[in-house]
Amino acid sequence: MAGAPVKFLSVLGFSLICLKMVTPKIPTIDQAYSKISNSITVEWATVPGATSYLLTAKDGNTVIETMVANSPGTVTGLKAATLYQITVRSISPAGRSQASPPKQAKTVLAAPILQVSSPSSDSILVQWEAVYMAIGFSVSIMQANGLGRIWKENTTNTSLTFTSLDSGTLYTIKAYAWNANGTPGDDSTCNQRTSPGTPENIQVSFDSGALKASVSWAPTEGAFNYTVMALSDSSRLSCSTAFSSCTIYSLQCGTKYLISVSASNDAGSSRSTSAVTLKTVACAPGRVAIQEDPPGHLSVAWSNVDLGDYYVAFVKSDDGLEVHCNTSLTQCNFLSECGFTYFISVFAYNKAGQSPLGDVFNYTTAPCCPSDINPVLVSSDRVEIVWSPVRGAELYETKAVDGFNVVECNDTAPACTLSALECDTKYNITVYSFSEVRGSNTSCTSQFITTAPCSPEIKNISKDDFSMINVRWRSTNDEATYTVTAQGEKGRHQCSSTGESCTLGGLACGSVFSVTAVAETPAGRSLPSYSVPLETAPCCSASLTVTQVTQSVINVSWTVGTGALTYVTVLQSHTGQSKCHTHQNHCLLGCITCGINYSVAVKAVSATGLTADCAYQSYSSSACCPLGVKLYRLGPNGIRIHWQASRGSANYSTDLYGSKGIFTCAPSAGLSFCDVTEIPCGDVYTVMVSPVAETGLKLTFCPKKIYSVTCSGSTLGMGKSFLSWIN
């Protein structure tokens, strides 16, 4: 039972609480007004317990609500010049109240939308569109910095012009509309600067070299930028700057310009200044004509140019020397020299200065002529000449003329070799200088040069009985001296003649010579003739030796002679002849008869078959070897050697060769035996009996015999042979 009362009390408490949380009171609007065209401000008495308020603005079906914390409150987002029903509701935790009694309020007029400009440096034009429900407008203007007076104008129009303003000055413009009740609407504020005044104190400076003009002026109040105009009949040039000077480039020569300056800022441009006249330098003269007539005189002419007061022509040679002439005419004359390139320029002058550099013309005079032509080589068919280089010559043309024949050579070097000329001929030789620009200088002088004589032709070479060499030739030269030369390894031999032959002597034997002939005149020497070989007979041997080899063979030897390739040896007697042909320096001759007198001849033969009979010598062959050689015993220790003498008389010598010694004996004159005493027995002996030559030389080619000499132990009788013949 105790729980029931508690439950009752809780319900009762709840009822009491609900009775306390009642909705707030309805606010009462004191006033509603509009100061801005898109809002209305509402004022009301504060409602106790209210934590916020809900403002409502109604226009037909359009409702706009705004929550505010307290009074006053403003409803925004409204339309200008529109009547609204305004109500307020108070809001508390218990809820919101009923809407307050409505109050009408009308938003003020919208601000005019301004368009401002500065049509001149002392005026500002203000324009705007019509504002809804407006019957008039108020517009005021003052300097933006607050200085000076304020101008205010009322108007029913939609534009207004303020005049007598300061140029280049920033102004603040304020405007608003009012309705039929005179209630002003929103205002509109903007800034506008008047355009700058016209620049003053214009100064123009002209640079004739760069064809540019520097323009300066006094700064203008409120100017942001300046524009300089240069106007001529054919061009329009300008430059812009934020400073008080500007340079106009690319001016044209020979032109009159009108130069003006205008200032500008964000409002517009000032009027241009009064134009200043500028005359530029004259243009460079054209149609320059250069002539050299006569040579050494240079004439320069040109056309007249606008704005040109006088002219100066400059002529500079390529060696750096420059001359000029000053004239009011259109022609100048100068002296010139050969071989120079002249650089020519013409300028026009006026008060502005010198004209720009026009075309630089060059004129090259004819090259100079060589004056020191020197022949350094003159031969039969060519002439080599040299000369000093001359000024202006790029090429030299050399011509040699002989009647109707012309020989030419062209070269960049100061030298020329004229070839294919005729020998012993006079030529008229001229060297012309040439340049690509001016061509040949045809005024160069010539000189005569005669070529060297023609080469003689050797017709034949002969030898007379006195070993002299006769040389004959053929030539077509006039008044030439001829020299014949025989050149060999062992010397050189010459002879000279003005005719067609000469004689050479004293040539060495066994030599080969090259024979040439040369002609010589005051013009020079000819080329040698074709050489003709000349071979002299080979030299004879200096000595001859004959040696008996065997009884029927002799050896003939000799020293080698220069130029001999082979030798022929002949052995001659009344019994016949023996001959030998060899390339060696000795020869064996057989079939010799012993004991006979011979004549020996040697003939030297060259490679080409030339011969020299060199030596004749008598020779007696050796005596014949003895026959029938026998040995006989003479006592206990003696031997007799006996033989039969051969044809003719001869001396003999006998030799016994054994192991125990050599034993020799010689017979007395006219005998055919000799004795050897004291010869040991019991030995084998080789016995040779030889004839002895008149010179005392013992011949060794006779046959040998071998005998054995035994010891018998008893004494044998005289003539008793105890010898045995072995061989």
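The values are calculated or read from the model by the stated rules, or taken from the named source; none is laboratory data. This structure is a prediction, so every number in the text was calculated from the model and none was measured. When we count neighbours, we look across all protein chains shown, and the Cβ atoms used for this are built from the backbone with ideal geometry, even at glycine. Accessible surface is based on the protein model in full, side chains and every heavy atom, while ligands, DNA and RNA are left aside. Shrake-Rupley method; radii C 1.70, N 1.55, O 1.52, S 1.80 Å.
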Q.
For the pairs 212/279; 25/58; 279/316; 316/351; 212/351; 279/351, flag any whose C-alpha to C-alpha distance is greater than 20 Å.
A. 25/58; 279/316; 316/351
Q. Karplus couplings for the stretch 457-462 from phi (6.51 cos²θ - 1.76 cosθ + 1.60, θ = phi - 60°), rounded to Hz, Gly and Pro as x?
A. 10, 5, 8, 7, 10, 10
Q | Solvent exposure ordering (accessible area, 1.4 Å, most first) of 688, 468 | A | 468, 688
Q: Grab the Cα-Cα distance for residue 391 and residue 547, subtract it from 0.36 nm times how many residues apart they are, and report the gain in nm with one decimal.
A: 47.3 nm
**Q.** Cα centroid separation - the stretch 91-107 against the stretch 145-218, whole Å
**A.** 51
Q: Specify the inter-centroid distance of the stretch 355-369 and the stretch 520-543, based on alpha-carbon positions, in whole Å.
A: 65
Q: Return the aspartates and glutamates within reach of residue 660: Cα separation strictly under 15 angstrom, same-chain partners fewer than 8 residues apart disregarded; answer none if there are no such residues.
A: 678, 683
Q: Return the Cα extents of the stretch 44-112 along principal axes one, two and three, sorted largest first, each rounded to a whole Å.
A: 44, 22, 17
Q. To the nearest 0.05, how large is the calculated FRET efficiency for residue 328 and residue 446 if R₀ is 51 Å and r is the Cβ-Cβ distance?
A. 0.60
**Q.** FRET efficiency estimate (nearest 0.05) - Cβ-Cβ, residue 38 to residue 164, R0 30 angstrom
**A.** 0.20
Q. So what J values fall out for the stretch 224-232 if you push phi through Karplus, 6.51 cos²θ - 1.76 cosθ + 1.60 with θ = phi - 60°, rounded to Hz, Gly and Pro as x?
A. 8, 8, 10, 10, 9, 10, 10, 10, 10
Q) Leaving out ligands, DNA and RNA but keeping every protein chain, what accessible area does residue 657 have, in Å² rounded to the nearest 10, with a 1.4 Å probe? A) 80
Q. Residue 337: accessible area at probe 1.4 Å, nearest 10 Å²?
A. 110
**Q.** Long-range HN-HN contacts of residue 504 with modeled amide H, under 5 Å
**A.** 469, 470, 471
(Q) For Cα pairs less than 8 Å apart in space and 6+ apart in sequence, what is the mean separation divided by the residue count of the chain, i.e. the relative contact order in percent? (A) 5
Q: Would you please give the residues with an amide H less than 5 Å from that of residue 634, counting only those at least 5 places away or on a separate chain, with H modeled from the backbone geometry?
A: 639, 640
Q. So how many Å³ per residue does the convex hull of the Cα atoms of the chain work out to?
A. 631
Q: Could you work out how far helix 3-20 tilts from the main Cα principal axis of the chain, as a 0 to 90 degree angle to the nearest 10?
A: 90
Q) What lysines sit close enough to residue 426 to cross-link, taking a C-alpha to C-alpha distance under 18 Å and skipping anything fewer than 8 places away on the same chain? A) 399
Q. Which percent of the accessible area of the stretch 375-462 is formed by carbon and sulfur heavy atoms (probe 1.4 angstrom)?
A. 47
Q: Equivalent ellipsoid semi-axes for the stretch 627-709, as square roots of 5 times the alpha carbon gyration tensor eigenvalues: give them largest first, rounded to whole Å.
A: 22, 13, 11
Q. At 25 °C and 0.890 mPa s, what whole-number value in µm²/s does Stokes-Einstein give for the translational diffusion of the stretch 374-450, with Rh from the Kirkwood sum over Cα pairs?
A. 194
Q.
Check which residues have an amide H placed less than 5 Å from residue 458's amide H, if you skip close sequence neighbours.
A. 474, 530
(Q) Using the Karplus curve 6.51 cos²θ - 1.76 cosθ + 1.60 with θ = phi - 60°, what ³J(HN,Hα) values do you get for each residue of the stretch 41-50, in whole Hz, with x for Gly and Pro? (A) 9, 10, 10, 8, 7, 5, 9, x, x, 7
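Going through the stretch 105-185, which trypsin sites (Lys or Arg not before Pro) have at most 12 other Cβ atoms within 10 Å and a DSSP loop state?
On the way: sites: 106, 149, 152, 174; in loops: 149.
Counting only loop positions with at most 12 other Cβ atoms within 10 Å, the trypsin sites (Lys or Arg not before Pro) in the stretch 105-185 are 149.
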Q. In whole Å, how far is the Cα centre of the stretch 644-709 from that of the stretch 330-352?
A. 130
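Sort 78, 231 from largest to smallest accessible area, using a 1.4 Å probe on the heavy atoms of the protein chains.
231, 78
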Q) So how do 67, 133, 142 rank on accessible area, 1.4 Å probe, biggest first, that is with the largest at the start? A) 67, 133, 142
Q) Cα-Cα over 18 Å: which of 35/106; 490/603; 630/704; 79/152? A) 490/603; 79/152
Q: Using 0.36 nm per residue of separation minus the Cα-Cα distance, give me the extension gain between residue 318 and residue 490 in nm, one decimal.
A: 55.4 nm
Q) In nanometres, what is the gap between the two model label sites at residue 481 and residue 411, each 7 Å from Cα along Cα-to-Cβ? A) 3.1
Q. How much accessible surface does residue 329 have with a 1.4 Å probe, in Å² rounded to 10?
A. 120
Q: Could you calculate the FRET efficiency of residue 581 with residue 693 from 1/(1 + (r/R0)^6), where r is the beta carbon distance between them and R0 is 45 Å, rounded to 0.05?
A: 0.95
